[in-house]
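One structure is given below, encoded as structure tokens.
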Amino acid sequence: MSFPKIEHIDDVTPHVSFDKGFVVSRRPNHTVIDYVFALPETFDTPIARECRGLKFDRDGLLIGRPFHKFFNLGERERIEEIDWSVPHAVQDKLDGSMVHPVLLEGSLTFMTRMGATAQAMAAGSEADSGTLDLSRHLLAAGITPVFEFTSPENRIVVAYERPALTLLTARDMVSGTYLPQIELADLAERFAVPLVRSHGSIADARAFAEAARREAGIEGYVVCFDDGHRLKLKTDAYVLRHRALSGVHLEKNVLAWVATGAVDDVIPLLPPEIGERVLTYQGTVNAGLAEQARAIRTFVAEHGDLSRKDFAALVSKRIDPRLKQAAFAAFDGRDPADVLLALVTRAAGSENRVEAVRDLFGMHWSTTGLPLPELEA
């Protein structure tokens with residue numbers, strides 16, 4: 001597998017645009033090129049697949065080249081389309097934040113895909129002398145070392161007992177080639193740096209994939225071919241938890257869990273503090289639904305002897321237009337709670353719809369103060 005040559009930001013910017021999901025974030029002393037959303041055509045060129053956290057200094061020179069964008073097993077090529085006889089190794093896929101150091105105006109600085117984030121600063125504070133020496137050694141040779149930062153305070157899905165920086169790989173910045181595993185092992189031993197665990201090659205790819213997906217307590221695996229091609233495989237349990245964590249960022253998702261009765265299924269997938277917030281939100285929504293249904297039943301009990309025409313006239317004067325359907329349902333002898341639940345279910349289709357009914361049920365979703373991780377795509 002070959003990678004595009006990159007030396008300067010001008011080698012990249014003509015080939016990316018925001019309408020395909022890419023952003024060029026210019027900071028005072030460096031620039032980051034990353035993607036913020038992915039369309040089917042976002043990664044349709046080799047240069048686009050490199051735009052996953054490229055770093056350039058104030059003069060536009062490349063100073064950091066972490067992983068290229070690689071895909072899930074089966075996402076772009078089926079198992080039977082892959083030549084498994086090509087030299088490769090299976091490595092653990094750690095569940096933390098990808099970080100890499102750069103030399104920024106002479107100073108060693110750790111960054112995530114998006115730059116000098118809180119996770120990056122936390123990772124840098126945990127870097128021991130061996131990690132720092134290895135980083136300087138490789139950066140001086142024009143090579144970007146890539147680490148995974150795992151920590152109890154940086155939990156994504158899998159829990160880790162103590163902070164750690166684990167060497168994943170290293171890339172030549174200009175050519176994009178990955179250092180061979182044997183060289184990484186030698187460097188890790190020389191600088192006393194933890195190296196991601198390797199499990200050898202795959203004999204039966206389909207059996208491996210089926211067994212890996214059933215595993216628990218890990219994120220999954222990365223298949224690393226010697227030519228730089230990579231594939232990732234996540235366990236089914238991890239995928240479920242990751243989706244749940246991703247969902248809490250938008251109120252419409254949380255409201256959908258409440259409306260469809262899925263909260264009990266989602267809670268076990270979330271960290272306790274986030275789960276408690278979801279349960280509180282569910283209580284608020286359900287209380288709002290119950291209060292509105294009770295008010296409508298009372299209204300109908302008081303005016304149910306009116307003709308349908310007179311009842312409709314009174315509803316127009318006294319009932320919020322958004323609740324009219326529920327009022328007529330009660331007038332016809334049906335439970336208004338069912339209509340209100342359908343209203344909430346429809347509202348969960350978009351953030352704008354949530355906003356349009358928020359005051360009816362007193363709901364408010366906020367992730368402020370929650371330990372939300374920086375999720376990697």
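Only helices enter the 222 nm calculation for the chain: every DSSP H run of n ≥ 4 contributes -39,500 (n - 2.57), and dividing by all residues gives -11500 deg cm²/dmol, rounded to 500. Dipole magnitude for region 248-361: about 500 debye, using +1 per Lys or Arg Cβ and -1 per Asp or Glu Cβ, origin at the Cα centre. Working note: Karplus 6.51/-1.76/1.60 with θ = phi - 60° gives region 284-294 the couplings 5, 5, 5, 5, x, 4, 5, 5, 5, 5, 5 Hz, where Gly and Pro are set to x.
Total lysine pairs in the chain at Cα distances under 22 Å, for residues eight or more apart or on different chains: 13.
Note on residue 243 and residue 141: with the Förster distance fixed at 45 Å, the Cβ-Cβ geometry gives a FRET efficiency of about 0.65. On C-alpha positions alone, give me the angle between the axis of helix 336-347 and the longest principal axis of the chain, in degrees, nearest 10. With both axes taken from Cα atoms, the answer is about 30 degrees. Summing Cβ point charges (Lys, Arg +1; Asp, Glu -1) relative to the Cα centre of the chain gives a dipole of roughly 1160 debye. Computed from phi, the 3J(HN,Hα) profile of region 102-116 under the Karplus parametrisation 6.51, -1.76, 1.60 (θ = phi - 60°) reads 9, 9, 10, 6, x, 9, 6, 10, 8, 9, 8, 3, 8, x, 7 Hz, with x in place of Gly and Pro.
Between the amide H of residue 104 and those of 109, distances stay under 5 Å, these residues lying 5 or more places away or on another chain, with hydrogens modeled in the peptide plane.
In terms of other Cβ atoms within 10 Å, 365, 84 run from fewest to most in the order 84, 365. Diffusion coefficient of region 70-236 by Stokes-Einstein, Kirkwood radius over Cα pairs, 37 °C, 0.692 mPa s: 196 µm²/s.
DSSP bridge analysis restricted to region 70-236 gives an antiparallel fraction near 90%, rounded to the nearest 5. Sorted ascending by nearby beta carbons within 10 Å, beginning with the fewest, 363, 111 become 363, 111.
For Rg and Dmax of the Cα atoms in Å, the value computed from the atomic coordinates appears in the list (i) 26.5, 89; (ii) 22.5, 75; (iii) 21.0, 64 under label (i).
For 186, 57, the sequence from fewest to most other C-beta atoms within 10 Å is 186, 57. Which of 145, 271, 101 moves most in a GNM of the chain, Cα contacts under 10 Å? Sorting by GNM fluctuation, first place goes to 271. Could you tell me how many degrees, from 0 to 90 and to the nearest 10, lie between the Cα long axis of helix 236-247 and the main elongation axis, the longest principal axis, of the Cα atoms of the chain? The angle comes out near 60 degrees.
May I ask you to derive the relative contact order of the chain, considering only C-alpha pairs under 8 Å and at least 6 residues apart, and to give it as an integer percent? It rounds to 14 percent for the chain. In this calculation the C-beta distance from residue 10 to residue 214 is compared with R0 = 45 Å, giving a FRET efficiency of 0.40. The residues neighbouring residue 79, those whose beta-carbon lies less than 13 Å from its own, together hold a net charge of -3 under the Lys/Arg +1, Asp/Glu -1 convention. Cβ-Cβ distance of residue 236 and residue 107, R₀ of 51 Å, FRET efficiency by 1/(1 + (r/R0)^6): the value works out to about 0.75. Here region 104-216 is assigned +1 on the Cβ of each Lys and Arg and -1 on the Cβ of each Asp and Glu. Its dipole about the Cα centre then comes out at about 300 debye.
Values quoted throughout were computed directly from the atomic coordinates according to the rules given, and no laboratory measurement underlies them. Every value quoted in this text rests on a predicted model; they were computed, and no experiment measured them. Using ideal geometry, Cβ is built from the backbone for each residue, glycine included, and neighbour counts are taken over all protein chains shown.
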